[in-house]
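Report on the following structure.
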Amino acid sequence: MPAFAVFFADEAAVGVTRVDAPDAASAEAMVMEDHPSAKVHAVDGATVTEENRVRLLGAWLRQQGQ
């Protein structure tokens with residue numbers, strides 16, 4: 001099963017988490033189970049590393065206007 005990195009942001013939390021799911025939509029749905037009001041965006045898990053995750057999360061948040 002593919003691994004995805006899912007960026008999420010809601011009133012309670014902001015972050016990025018890894019999810020094993022058959023596709024990006026399923027990965028986003030899994031994160032929304034814990035954060036139902038969150039904005040979410042799934043990307044290929046291989047593109048997000050420990051070295052770049054904070055930078056990529058910040059870029060995504062700026063795109064969301066947060």
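Data overview
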read-out: Cβ-Cβ under 6 Å pairs, at least 6 apart or on other chains, segment 29-52 side under 18 Å from residue 12 (Cβ atoms) and among the charged types (D, E, K, R), far side loosely packed, with under 15 Cβ neighbours inside 10 Å and at pLDDT below 95; value: 39/64
read-out: Answer from 50, 28, 11, 33 - the residue that is of a type in the set (D, E, K, R) and surrounded by 15 or more Cβ atoms within 10 Å (Cβ to Cβ); value: 28
read-out: Selection within segment 6-28 - touching a helix residue (DSSP H, G or I) at 6+ places or on another chain (Cβ under 7 Å) and free of Cβ contacts under 8 Å to residues at least 40 places away in the same chain; value: 6, 8, 17, 18, 19, 21
read-out: Residues that are buried (at least 17 other Cβ atoms within 10 Å of the Cβ) and closer than 15 Å to residue 59 by Cβ, drawn from segment 14-25; value: 14, 16
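The values are calculated or read from the model by the stated rules, or taken from the named source; none is laboratory data. Predicted model, so just to flag it, every value in this text is computed and none were measured. Backbone-built Cβ (ideal geometry, glycine too); neighbour counts: all protein chains shown.
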